[in-house]
Amino acid sequence: MITVSVHCPRCHSDEIYRHGLSPTKRELSRCQCCHRVFQLTYHYEARKQGVKEQSVDMAFNGAGVRDTARTLKISRMDDATRARFTDATQRNYFTLRRRIEIAEEQITGLQDYIWQVVLSHQQEANN
């Protein structure tokens with residue numbers, strides 16, 4: 001008899017039991033610790049571990065949707081997913097842009113204050 005050691009992808013526990021079949025007739029497993037249901041082998045590439053992180057990294061590095069899909073061998077995003085992805089990216093961009101503007105204003109204010117202090121010390125030294 002062959003035994004296969006299976007670990008939960010979330011909590012890495014080895015207390016796993018069979019939990020029926022998926023709608024596509026693939027075997028499901030369930031963790032007794034965190035109660036997560038998962039497949040041992042995924043047919044869809046985007047569900048595999050690490051693919052999501054790679055796609056986000058590629059997006060932040062300027063790769064397009066089609067290039068990301070082709071490189072990672074996943075299907076392209078449909079219009080609804082692309083809209084959500086684009087909206088989230090734009091929100092993050094504008095939030096970061098606003099934070100940068102606030103930081104620049106604070107730096108400018110600090111620089112002005114420092115120059116005022118330096119000039120006042122120079123004037124006191126000249127008197």
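Taken over the range 4-43, the criterion of being modelled with pLDDT of 90 or more, in contact with a strand residue (DSSP E or B) (Cβ under 8 Å, 6 or more places away or on another chain), part of a loop (DSSP other than H, G, I, E, B) and not hydrophobic (A, V, I, L, M, F, W, C) is satisfied by Ser13, Glu15, Gln32, Arg36.
Picking from residues in the range 56-74 that are free of Cβ contacts under 8 Å to residues at least 24 places away in the same chain and of a type in the set (A, V, I, L, M), the one that is nearest to His7 (Cα to Cα) is Val56. When Glu53 is tested against the conditions (1) surrounded by 11 or more Cβ atoms within 10 Å (Cβ to Cβ); (2) closer than 30 Å to His7 by Cα, the lone failure is (1).
The values are calculated or read from the model by the stated rules, or taken from the named source; none is laboratory data. Keep in mind that this is a model prediction, so the values were computed, not measured. Note: ideal-geometry Cβ built from the backbone for every residue, glycine included; neighbour counts use all protein chains shown.
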